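Colleague: So that we are looking at the same thing, I have put the structure below in structure tokens.
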DNA sequence: TAATATGTTCTTTATTATGGAACATCATTC
DNA sequence: GAATGATGTTCCATAATAAAGAACATATTA
């Protein structure tokens, strides 16, 4: 029933290394992970031998190896949600000329599994694989609006409400109310609740059973994505795309 | 000096799981990896607890978890090669209306670190993170053309020359000759050597020291990417882009 | 040159992982 | 519907293994 210690430690090191794209020395790692030099050294040696970690011989810094990329190569390819939703999301992004995200829930957090940039000059992979909290994102609210009350409770109980902006929802009660609102509306807003200058609108994607399995959003600077634009155009558009994508996944509701 | 057994085993399992996007049962894994049921079960339990692996409770199948995606989120983002090359590669892809790949070498293999599809209907991530041998790809030949003779020897000694098509180079001598040719030409062809219907042209990317650190290619069906097109247009174009991207990385040669 | 900070290797010890066996669960077949 | 087989899970004694301190090596700085 208990875990394998060395594996737990090795994975913890991998997690930590992902925070340092330019690498980190063993001495720094000992501070981050509380393990002795020699232990970390041995764990890293194993990770290096499997190409999960690369050692920069010049600087003695360790960073993630390309085997990690190799691992994830099939993770999203074969995900029907990404494949099916992509053409819709690309079209949506073009129509509104803003960034579109596709997200699912993973262990009580939002995880970005696809992103379409309106502006081609911005790099591509920036957010795929990243995580975000549920309480301050439109996509998170949508995902919770489709969850059971028990699950919502469980997620909220683990949530630390940090006021990222003056508009962030910071109480359990307010958040529950918001989720209820989202459920009724069929869409969610992030009204500068995560980043001061950003406004998003998110909508659900349903599977064949009518369960919310993903959500997608339009994000943009508040001055472009105005409340007026949302009310006059985006809400309607999001609902259309929500239905179209869901239908393609076998959803039969409305 | 020796590796941590349990970690080696856990990573071997992760590697194996990446071959099964839809998951695999413990019983199947015992055949693939030669370990006992109970050991695999315990290793998997640890991987699951760290979200590196997810268990499908319905089917008892295990597959990679999204933590793997999270790990790789910064792997290519912060890679200057990808970021700097991308706009050029996108322009190139548009100009010739064919797929463009960006590759580096990793442990004697080609690894695809970026891909631009000409045809937007084809899914996006299909090849990023994948590996390919050096001897039957244009990008591989280019990468080896910039390596030291010792490194080339080392790679070749580990290479098994499999005739993927009638045109595949299958001898060490012929391959060495080909690399020499590529070095002189400044570009490489894959003339249906990997897949019968495919033809590619690849060129190097140099860093500020004049070292070849990556290569990029145009790939397309042989009937579109004809030898005539290559000779009259693509060679010149590839050389231009090669220089432009390299210059942007600090290359001062010509 | 000494001192400091770091990476690497070694060795002893006790912790820890291991795998067989027992048990549980499920599906299939007769 | 009982019996068989295939699988996942848990337990436990044992031996193998990982851990960490110390010694050593190397590089950097004062």
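Colleague: Which number in (1) touching a strand residue (DSSP E or B) at 6+ places or on another chain (Cβ under 8 Å); (2) more than 24 Å from residue A:221 (Cβ to Cβ); (3) at the interface with chain B (Cβ under 10 Å from one of its Cβ atoms) marks the one condition that residue A:55 misses?
Modeller: (3)
Colleague: Looking only at segment A:132-143, decide whether some residue is within 12 Å of chain B (Cβ to nearest Cβ) and either free of Cβ contacts under 8 Å to residues at least 24 places away in the same chain or buried (at least 17 other Cβ atoms within 10 Å of the Cβ) (or both).
Modeller: yes
Colleague: Between a residue in segment B:172-183 that is free of Cβ contacts under 8 Å to residues at least 40 places away in the same chain and any residue that is outside any helix (DSSP H, G or I), which pairs come within a Cβ distance under 7 Å, given they are 6 or more apart or on different chains?
Modeller: B:178/B:169
Colleague: With the requirement that a residue be more than 10 Å from every other protein chain (Cβ to nearest Cβ) and in contact with a helix residue (DSSP H, G or I) (Cβ under 6 Å, 6 or more places away or on another chain), what does segment B:61-83 give you?
Modeller: Result: B:62, single match.
Colleague: Quick check on residue B:76: is it within 16 Å of DNA strand C (Cβ to nearest atom), in contact (Cβ under 8 Å) with a residue 12 or more places away in the chain and touching a strand residue (DSSP E or B) at 6+ places or on another chain (Cβ under 7 Å)?
Modeller: Answer is no for this residue.
Colleague: OK, next. Could you tell me whether any residue of segment B:129-137 is within 25 Å of residue A:20 (Cα to Cα) and within 16 Å of DNA strand D (Cβ to nearest atom)?
Modeller: First, pick out the residues of segment B:129-137 that are within 25 Å of residue A:20 (Cα to Cα): B:129-131.
Then keep just the ones that are within 16 Å of DNA strand D (Cβ to nearest atom); that gives none.
There is no residue in segment B:129-137 that is within 25 Å of residue A:20 (Cα to Cα) and within 16 Å of DNA strand D (Cβ to nearest atom).
Colleague: Continuing with the same structure: Looking at segment B:50-62, which of its residues are surrounded by fewer than 19 Cβ atoms within 10 Å (Cβ to Cβ) and within 12 Å of DNA strand D (Cβ to nearest atom)?
Modeller: Listed by number, the residues that qualify are B:55, B:56, B:57, B:58, B:59, B:60, B:61.
Colleague: For residue A:218, work out the one condition from (1) in a helix (DSSP H, G or I); (2) in contact (Cβ under 8 Å) with a residue 24 or more places away in the chain it doesn't fulfil.
Modeller: Residue A:218 satisfies all of (1) in a helix (DSSP H, G or I); (2) in contact (Cβ under 8 Å) with a residue 24 or more places away in the chain except (1).
Colleague: Of (1) within 14 Å of DNA strand C (Cβ to nearest atom); (2) in contact (Cβ under 8 Å) with a residue 12 or more places away in the chain; (3) within 23 Å of residue B:19 (Cα to Cα), residue A:49 satisfies all except one. Which?
Modeller: Every listed condition holds for residue A:49 apart from (2).
Colleague: Looking for something out of contact with any strand residue (DSSP E or B) (no Cβ under 8 Å at 6 or more places or on another chain), part of a loop (DSSP other than H, G, I, E, B) and under 18 Å from residue B:110 (Cβ atoms) - is there at least one such residue anywhere in segment B:204-215? Walk me through it before giving the result.
Modeller: As a first pass, look at segment B:204-215 and keep what is out of contact with any strand residue (DSSP E or B) (no Cβ under 8 Å at 6 or more places or on another chain): B:208-211.
So of that shortlist, the ones also part of a loop (DSSP other than H, G, I, E, B) come out as B:208-211.
Remaining after also requiring under 18 Å from residue B:110 (Cβ atoms): B:211.
Looking through segment B:204-215, at least one residue is out of contact with any strand residue (DSSP E or B) (no Cβ under 8 Å at 6 or more places or on another chain), part of a loop (DSSP other than H, G, I, E, B) and under 18 Å from residue B:110 (Cβ atoms).
Colleague: All but one of (1) at pLDDT below 95; (2) away from DNA strand C (no atom under 16 Å from the Cβ) hold for residue A:68; which doesn't?
Modeller: (1)
Colleague: Residues to consider are A:84, A:13, A:24, A:7; find the one that is within 16 Å of DNA strand D (Cβ to nearest atom) and touching a residue at least 24 places away in the same chain (Cβ under 8 Å).
Modeller: Being within 16 Å of DNA strand D (Cβ to nearest atom) and touching a residue at least 24 places away in the same chain (Cβ under 8 Å) holds for just one of A:84, A:13, A:24, A:7, which is A:13.
Colleague: Here is a further query. Can you spot a residue in segment B:185-202 that is surrounded by fewer than 18 Cβ atoms within 10 Å (Cβ to Cβ), in a helix (DSSP H, G or I) and assigned by TED's automatic domain parsing to the domain that holds residue B:168?
Modeller: Yes, segment B:185-202 contains at least one residue that is surrounded by fewer than 18 Cβ atoms within 10 Å (Cβ to Cβ), in a helix (DSSP H, G or I) and assigned by TED's automatic domain parsing to the domain that holds residue B:168.
Colleague: Considering only residues that are within 11 Å of DNA strand C (Cβ to nearest atom) and within 30 Å of residue B:81 (Cα to Cα), look in segment A:1-39 and name the one that is surrounded by the fewest Cβ atoms within 10 Å (Cβ to Cβ). Show your work before the answer.
Modeller: Filtering segment A:1-39 for residues within 11 Å of DNA strand C (Cβ to nearest atom) gives A:1-10, A:23-31, A:36-39.
Subset that is within 30 Å of residue B:81 (Cα to Cα): A:10, A:23-29.
On the way: A:10: 28, A:23: 17, A:24: 20, A:25: 13, A:26: 16, A:27: 10, A:28: 14, A:29: 22.
It comes out as A:27.
Colleague: Looking at A:142, A:225, which is the one that is in contact with a strand residue (DSSP E or B) (Cβ under 6 Å, 6 or more places away or on another chain) and part of a loop (DSSP other than H, G, I, E, B)?
Modeller: The unique qualifying residue is A:225.
The values are calculated or read from the model by the stated rules, or taken from the named source; none is laboratory data. Everything numeric in this text was worked out from a predicted model, so none of it was measured. Positions of Cβ are generated from backbone atoms using ideal geometry, with glycine treated the same way; all protein chains shown enter the neighbour counts.
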